[in-house]
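Okay, here's the structure, questions in a sec.
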Protein chains: 2
Amino acid sequence: MKMKAILSGITFFVIIFLAGCTREQPKDVGTTIRIDNIVDLTHTLTSDFPFIPVKKLTYPFALIPMATLKDNGVEANSWKIHEHLGTHTDAPNHFIANQKSLDQLELKDLIVPVVVIDIEEKASKNSDAVLTVEDIMTFEKAFGKIPDHACVMMYSGWEKHLRDSLFVGLDSQQVKHYPGFSNDAIKFLVEERNIAGIGVDVLSFDPGIDENYTGHKTLFEAGKWGVECVANLDKIPKTGATVIVAAPKVGKATGGFSRIIAVW
Amino acid sequence: MKMKAILSGITFFVIIFLAGCTREQPKDVGTTIRIDNIVDLTHTLTSDFPFIPVKKLTYPFALIPMATLKDNGVEANSWKIHEHLGTHTDAPNHFIANQKSLDQLELKDLIVPVVVIDIEEKASKNSDAVLTVEDIMTFEKAFGKIPDHACVMMYSGWEKHLRDSLFVGLDSQQVKHYPGFSNDAIKFLVEERNIAGIGVDVLSFDPGIDENYTGHKTLFEAGKWGVECVANLDKIPKTGATVIVAAPKVGKATGGFSRIIAVW
C-alpha cells in the first residue's frame, strides 16, 4: 500500500510538472487528479448502524417498504432518517445560528486534498484519547505540512468496534467514550492551516466525554464542515489523496448521510 | 463555454499523451481527470420539489425540526423522504427482482465519462418527444462515438419548467407528459455502447406517457443505473467531462437522493 501510494504520488507530480511545461495549457488550470485508486469511505447505512443516543430525540435508520414488485409492480422504500446518521457530513448551522447549511457548502470546498493522522496506538489504550496539536506536529514532521484547504481525518481504529458496544462506549452513567479531536487541535487547524474540514472514524469529532461539543462550535464558528463515521481510513495514503465529500444538497439541512470517496 | 470546453479537452489529451511518454509512470495507470471546472448537477431538495404523483404512495420531501438551538442548544432535523425524490439515482432492483440495490453499485461504475445528447428543440414543440437511436447517431457524427462505460444524459431543457406545472405535465386524464428516452435507444445504449448508466433532466427517463416504465425494465435487466431530475446539463460540455454519481449507500435501497457532480 505504502509503495503504491508513493508511486501514485510521483506520477501525480510528474504530470503536474509536465502539464506546467506544455504551451497548450489553458489559462484556467485547475487540479489534475489521477484516479489509479478509488476507495469508498462510506459505511453502508442499515437499521443496526450505531448512533449518538439522545433521549427522546434520536432514533436509528429504518427502510420502510412503500411499494413492492409483488403488490405494485415496482419496488420503492421510504426512509426513517435524521441528519446525523451513518457516514455523514455536519454543516456549520448544526451548532451556530446563521452559519452555512449543508446545501450552502460549495463543491470547491468539498473536493479537497485529504490527510490522515493516525492515533490508533494511544486510542487502543484509552477510549478518551484525543488528537492533539502535538500529534499534528509529529504528522507534519513525517509527511510534510498539511496542504492548504485540506480535509484532516483522524484515524483511531474505532471502525473495528462498529458492531460492538465500544463504538458508542456508554458507561454506567450513560457518558460516551470514544476518541476525538482536542479543541486546541481544531483551533490550530482552522487558524494555522486553513483547512476545508475535518473527519473522524468515530461517531463525532469531539471525544465522547465532551457533552458540550466544544470542538463542533470552534469548527462551525469558522464555517468549516466535519464528517463523522468515516470508513476505510486505513486504506488510503496518509497524504496525497483527494476526498470527495458528496453531501446531500437538502435545503436548510444541518447535516446528512453522505457518500464520501477518496481517489488518488 | 464551448471554447473553454475545447481548451480543456485539448489539455486533457495533452496530459494523457505526456503521461504515456514518461518512464516514471507506474504500472497501475488509471484515469487522469483535470479539474478545471466543477458543475453541480444536483437540484437543492426542498418541500416544493416536484415528484411523480402516485396515489396513496408518493409524497413530497419534508424537513422536520428534531432539535433547535433555542430549545436544545443544537439544530437538527428529521427528513420525510422516499427513494425517488429530487435529483436521484435509480438502482436496478427498483423494477427487477434480485437485481443490484443502490448500495451494491460499485464506485468504478459511478465515476464515469459523461456525454449530453440535446433534444431541446423537438421537446420544446412536443412534451412527449423521445430521444431516439437516430438522435444517438446524429450526436456521434458531431461528437464522436460514445466512450465505453459512459453515462449518457438527455438534455430536454425541461429544467426551465421545474417551478411550473409542465414539469409533471399532468393532463385532464392525469396522464403525465414530459420527454424521455425511447426504449429502443436504451436497448441500443446497453447492447451496442456498453454504457454505465443514463440520466435525464426530467422526472423519469421513460417519457411521462409510458406508464409501464418500459425503458426502466430494459435498463435494469442489464444491471445499469439511471439518474433523474439532473440539473445544469446545459452547463457542461457535450463530451469530455466526468460525472461523479454519489448515490447514498443505503442497504437494499432501490434509489436515493444523490449528489451528482460533473468535472472536466
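Positive end of the dipole of chain B, charges at C-beta (+1 Lys, Arg; -1 Asp, Glu), about the Cα centre: which of B:172, B:236, B:138 has its Cα farthest in that direction?
B:236
Something else about it: Suppose every K and R has +1 on its Cβ and every D and E has -1 on its Cβ; what is the size of the dipole of the stretch A:89-185 about the Cα centre, in Debye to the nearest 20?
Values: 9 positive and 16 negative charges, 20 e Å.
In total the dipole reaches around 100 debye.
Cα extents of the stretch B:37-263 along the three principal axes, largest first, in whole Å?
The Cα atoms of the stretch B:37-263 stretch 62, 44, 38 Å along the principal axes, largest first.
Something else: So how tilted is helix B:133-143 from the main axis of chain B? Cα-based, degrees 0 to 90, rounded to 10.
That helix lies at roughly 40 degrees to the long axis.
Here's something else I'd like to know. Can you list the lysines whose alpha carbon sits under 20 Å from that of residue B:145, skipping same-chain ones fewer than 8 residues off?
Result set, ordered by chain and number: B:2, B:187, B:224, B:238.
Of A:55/B:70; B:80/B:176; A:108/B:80; B:56/B:80, which pairs sit farther than 20 Å apart, going by alpha carbon to alpha carbon?
Among A:55/B:70; B:80/B:176; A:108/B:80; B:56/B:80, the Cα-Cα distance tops 20 Å for B:80/B:176; A:108/B:80.
Let me ask another. Compute the acute angle (0 to 90°) between the alpha-carbon long axis of helix A:183-192 and the principal axis of greatest extent of the alpha-carbon atoms of chain A; round to the nearest 10°.
30 degrees
Another question about this same structure. Give me the percent of Cα-Cα pairs in the stretch A:129-264 that sit more than 28 Å apart, rounded to a whole number.
14 percent
State the Cα centre-to-centre distance between the stretch B:222-246 and the stretch B:38-81 in whole Å.
23 Å
Additional query: Quick one: helix B:2-21 against the long Cα principal axis of chain B, what's the angle to the nearest 10°, folded into 0 to 90?
Helix B:2-21 sits at roughly 50 degrees to that axis.
If you take the accessible area of A alone, add that of B alone, and subtract the area of the pair, what total do you get in Å², probe 1.4 Å, to the nearest 100?
Details: alone 13990 and 13990 Å², together 21890 Å².
Between A and B, the summed buried area is about 6100 Å².
Still on this model: Taking chain A as a Gaussian network, where each spring joins two C-alpha atoms under 10 Å apart, which residue of A:238, A:224, A:125 fluctuates the most?
Checking each option, the largest mean-square fluctuation is seen for A:125.
Would you report the distance distribution of C-alpha pairs in the protein assembly as shown as whole percents per 20 angstrom bin, up to the bin with the largest distance?
Binned Cα distances yield the sequence 22, 54, 23, 1.
Here is a further query. If Lys and Arg each add +1 and Asp and Glu each add -1, what is the summed charge of the other residues whose beta carbon sits under 11 Å from the beta carbon of residue A:65?
Surrounding charge for residue A:65 is -1.
Okay, moving on. Nothing charged except the Cβ atoms of Lys and Arg (+1) and of Asp and Glu (-1): what's the magnitude of the dipole of chain B about its Cα centre? Round to the nearest 20 debye. Each step should come with its number before you reach the end.
Working: 27 positive and 33 negative charges, 97 e Å.
So the magnitude is around 460 debye.
Now, a different point. Treat every Asp and Glu Cβ in the protein assembly as shown as -1 and every Lys and Arg Cβ as +1, leave all other atoms uncharged, and give the resulting dipole magnitude about the Cα centre to the nearest 20 debye.
380 debye
Per q in 0.18, 0.22 Å⁻¹, report the Debye log10 I(q)/I(0) for the stretch B:114-199, using one uniform scatterer on each alpha carbon and no solvent.
With no solvent term, the Cα-only Debye profile gives -0.77, -1.04.
In nm, one decimal, shortest first: how far is the label point of residue A:142 (7 Å from Cα along Cα to beta carbon) from the matching points in the other copies?
Between copies, matching label points for residue A:142 lie 5.4 nm apart.
Accessible area of the protein assembly as shown with a 1.4 Å probe: how many percent of it is carbon plus sulfur?
54 percent
Report the closest approach of any chain B C-beta to the axis of the B-to-A rotation: residue and distance, in whole angstrom.
Smallest Cβ distance to the axis, with its residue: B:246, 1.
Okay, next question. Placing a label point 7 Å from Cα toward Cβ, how far apart in nm is residue A:64 from its equivalents in the other copies, listed shortest first to one decimal?
The projected label point of residue A:64 is separated from its counterparts by 0.7 nm.
Using a Gaussian network model of chain B whose springs link C-alpha atoms within less than 10 Å, name the residue from B:73, B:86, B:157 with the highest mean-square fluctuation.
In the Gaussian network model the winner is B:73.
Let me ask something else about it. Could you provide, to the nearest whole Å², the per residue accessible area of chain B with probe 1.4 Å?
41 Å²
The values are calculated or read from the model by the stated rules, or taken from the named source; none is laboratory data. Note that this is a predicted model, so its numbers are computed, not measured. We place every Cβ from the backbone using ideal geometry, glycine too, and count neighbours over all the protein chains shown. Surface accessibility is based on the protein's heavy atoms, side chains included, excluding ligands, DNA and RNA. Shrake-Rupley method; radii C 1.70, N 1.55, O 1.52, S 1.80 Å.
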